[in-house]
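Here the structure comes first, spelled out in structure tokens, and everything after it is commentary.
The values are calculated or read from the model by the stated rules, or taken from the named source; none is laboratory data. If you're wondering where the values come from, they're calculated on a predicted model, not measured in any experiment. Cβ coordinates were reconstructed from backbone atoms using ideal geometry, including for glycine residues, and neighbour counts include every protein chain displayed. Accessible surface areas use protein heavy atoms only, side chains included; no ligands, DNA or RNA. Shrake-Rupley method; radii C 1.70, N 1.55, O 1.52, S 1.80 Å.
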Amino acid sequence: MFDHTFKTAAVFASLGLVLAVVNAPPAVAQEAGAVTVTFSGITRPTGALMVGVYDSEAAFAGGKPVEGFRLEVAGPEASQVITGLKPGRYAIKVFHDVDGDGRMNTNGFGIPTEPYAASNNAPSRMGPPSWADARFEVTAEGAAQTITID
Amino acid sequence: MDRRAFLTAAAAAGLAQVVTPEQVFARAAASQPAWSLAVADVAGDIPRQPLRRIHGRPPAGLAGTLYRNGPARFRRPGGDATHWFDGDGLVRAFRIGEQGASLEARFVDTFKRRQDTAAGAVITPGFGTLGSDRAVIGSADDTNAANTALLPIGGELLALWEAGSPYAVDPRTLETRGLKTFSPDLAHMPFLAHPRIEPNGRVWNLGLAGRRAIVWTLEPSGAVERTALIDLPRASYMHDFTATDRHLILVLQPLIQDRMTLPFVDALSWRPEEGTQVLVLDKDDLSKRRLYDLPAFFCFHLGDAWSEADGTLRFDACLDSTPQFAVHGARDLLVGKAGRNGVSLAMIALHPDGRAELNRTPLTAEFPRADPRRAGLARSKTIINTVRTEGRPLLRGVGVSDWRTGKADLFDYGPDQCAEELLFVARPGDDSELGGWLIGTSLNLKARATELHVFDAAHVADGPLCSWRAEVGLPVGFHGAWMGG
């Protein structure tokens, strides 16, 4: 029962570390429409959401995001418009850094103690949310995602 | 087999499986033994109902509530729990006062229960239930059945499981307040169903994760006094531990978690050749530890421990020779099969010279309890469930075994009853060991009704001083707690 929670913690913990290094200039050719991401259901209006956008299953499972940002939390909802993505398939991971320390907190046994979620509200089923459940299409018209967290 | 014969056989096998729900139901009903009521489903919460007094009179000065917990919903249309330990926790309140006695019961409103209810099937994995990959599991608490025991503390009733946090329940309404998080960094940390409570109200408990454990110390108010993480010599399955006034005693039986799989019981290997180890920790300094060796045995439950003048530590335990019941018997129960359960009372002594001693008795015994005013201190009496019937999985009697005299004072409820745990309630003004009453429930299979009994703790064999009967027969539960007043 514990193995998957360790894995979940590791997968999300990687998010905090990689956000600092993501600032790739957006691709110019074939730019897709804007992606509007709304985070809802926030019960503790403190800290920040740490968000990563991924373009492959491998990256989603613990690699680098193509886009990452930190979103201050001030109420039950927060949103962000992402531009500059190429058309294609993407998935989003987010954790709520409730205490604002920049990392995903875990308890003494490595189990996440801060809320996390993924695009399509992909569930944790015996492990972290899967790429298959979380991926969505970004077209020339863009995309919209409402992710419930907390 | 040629292709044509194979297809014919396959078609016949397919046809054989075409039966109507009515046929299935009729077959199941015909094959269910009388004791199956002990693991039957309760459809929903039970509003407060008076209990009918069927025998004797309640002793003067006895007033309070016996809270009990146990699994009470195992089956759903789309799929069932396949292990006794995986039913939804039902908290029962047996209240005794001047107006008579009453029963009320309410399910703990767990994430697991909500998820299984929404799915119309038991999809959440558990101790011995595989579940489905449709289940959402963010942490072990999403599989928490809150079905094993109750700890009244800090004005709350904590419904305990073993691999997750407690659920807080309102002792007055039995309404679920939610998952108990002592502090943000302790969220989802496991809390065993058998905390050890010092006579001054301080609580010690463990939570296990393989070869690591958290040691909890709670103040009598319910606030966390301290927690510590410790390493263990092996990843034993541990349902219970015990304590003296100065030591924590962890029995590391050779039922070892050595792989990661679901359900949890399938991740355990029985390795009797490795024997049982007993780890003793100093409460004041958890780094001070001693390790003892004993022959292999399986146990769920231990009695309160104490130390003697020469430094010997003693505690009793309800032992079986193998984990057969935990692994198979408690699965078989849910499908009406009675497996072997050979649990009996034993005394374990840990001597200062490093020698450990195991003395088994032939007395059938489970659910050991003692006088809570002597927890961790010298005592001689152990309250038990006892009396086995051949071909029946559950016990039918209760009693007190006295280590000093070697005698047992037992009462047999009879072949139509399943006994449940007995607790001690002190008689006001009586400080002697077990000076007071024993209170507990049974399931009367013939009357199809749950009963509440009070015994004089010094005269169990005389039978109950008073018995009450409910209008409903609730499935047999696990552990409870008494709150006076």
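For B:R177, what residues show an amide H to amide H distance below 5 Å, using hydrogens built from the backbone and excluding near sequence neighbours?
Residues meeting the criterion, in which the H sits 1.01 Å from N, are B:A168, B:V169, B:D170.
List every residue whose amide H lies under 5 Å from the amide H of B:G376, counting only residues 5 or more places away in sequence or on a different chain, with H placed 1.01 Å from N in the peptide plane.
It is B:A305, by chain and number.
Each residue of segment B:170-178 in order: what ³J(HN,Hα) in whole Hz does its phi give by Karplus 6.51 cos²θ - 1.76 cosθ + 1.60, θ = phi - 60°, with x for Gly and Pro?
Those phi angles translate into 6, x, 7, 9, 6, 6, 7, 8, x Hz.
What lysines sit close enough to A:K64 to cross-link, taking a C-alpha to C-alpha distance under 25 Å and skipping anything fewer than 8 places away on the same chain?
Leaving aside lysines fewer than 8 places away in the same chain, those within reach of A:K64 are A:K7, A:K86, A:K93.
Which of rounded, prolate or oblate describes segment B:377-445 when judged by the alpha-carbon gyration tensor and an a/c cut-off of 1.5?
Values: a/c = 3.17, a/b = 1.73, b/c = 1.84.
The shape class here is oblate.
Which lysines have a Cα less than 23 Å from the Cα of B:K337, not counting those fewer than 8 places away in the same chain?
Partners within reach: B:K446.
Any idea how far apart A:A74 and B:V136 come out in nm if each label point goes 7 Å out from Cα toward Cβ?
The two pseudo-label positions are separated by 2.9 nm.
Around B:R369, under 9 Å between beta carbons, what's the net of Lys plus Arg minus Asp minus Glu among the other residues?
Values: positive: none; negative: B:D304, B:D371, B:E421.
Charge balance in the 9 Å sphere: -3.
In whole Hz, with x marking every Gly and Pro, tabulate ³J(HN,Hα) for segment A:46-56 from phi via Karplus 6.51 cos²θ - 1.76 cosθ + 1.60, θ = phi - 60°.
Along segment A:46-56, the couplings run 9, x, 8, 8, 9, 10, x, 10, 10, 10, 8 Hz.
May I ask you to derive the FRET efficiency for B:K407 and B:R57 from their Cβ-Cβ distance with R0 = 30 Å, giving the value to the nearest 0.05?
In this case the efficiency is close to 0.60.
Might you report the magnitude of the Cβ-based charge dipole of chain B about its Cα centre, with Lys and Arg at +1 and Asp and Glu at -1, to the nearest 20 debye?
The dipole of chain B has a size of about 860 debye.
For the protein assembly as shown, what is the percent of antiparallel DSSP beta bridges, rounded to the nearest 5?
Working: 151 of 157 bridges.
Bridges in the protein assembly as shown are about 95 percent antiparallel.
Using the charge dipole of chain B (Lys, Arg: +1 at Cβ; Asp, Glu: -1 at Cβ; taken about the Cα centre), state which of B:A330, B:L186, B:G61 has its Cα farthest towards the positive end.
Sorting the options by dipole projection puts first B:A330.
In a solvent-free Debye calculation with one equal scatterer on each Cα, what is log10 I(q)/I(0) for chain B at q = 0.14 Å⁻¹, listed in the order of the q values?
Calculated log10 I(q)/I(0) at the listed q: -1.53.
Give me the distance between the Cα centres of segment B:144-160 and segment B:429-461, rounded to whole Å.
Between the Cα centre of segment B:144-160 and that of segment B:429-461, the gap is 22 Å.
Using alpha-carbon pairs under 8 Å, 6+ residues apart, how would you state the relative contact order of chain B in percent?
It rounds to 14 percent for chain B.
Divide, for the protein assembly as shown, the radius of gyration over alpha carbons by 2.2 N^0.38 Å, where N is the residue count.
Taking the Cα Rg and dividing by 2.2 N^0.38 Å, one obtains 1.07.
Go through segment B:458-473 residue by residue and turn each phi into a ³J(HN,Hα) via Karplus (6.51, -1.76, 1.60, θ = phi - 60°); whole Hz please, and just put x for glycine and proline.
Per residue, the Karplus-derived 3J(HN,Hα) values read 8, 9, 5, 4, 6, x, x, 5, 8, 9, 10, 10, 8, 7, 10, x Hz.
Under 29 Å Cα to Cα from B:K381, which lysines show up? Leave out anything in the same chain fewer than 8 places away.
Counting by Cα, and skipping residues close in sequence, B:K381 has these lysines nearby: B:K283, B:K407.
Taking amide H positions as placed in the peptide plane 1.01 Å from N, state which residues far from B:H301 in sequence (5 or more) or on other chains have amide H under 5 Å from it.
Result for B:H301 returns B:C318.
Can you tell me the accessible area per residue over segment B:20-484, all protein chains present, probe 1.4 angstrom, in square angstrom? Provide the component values of the computation, followed by the final result.
Values: 17310 Å² over 465 residues.
About 37 Å² of surface per residue is accessible.
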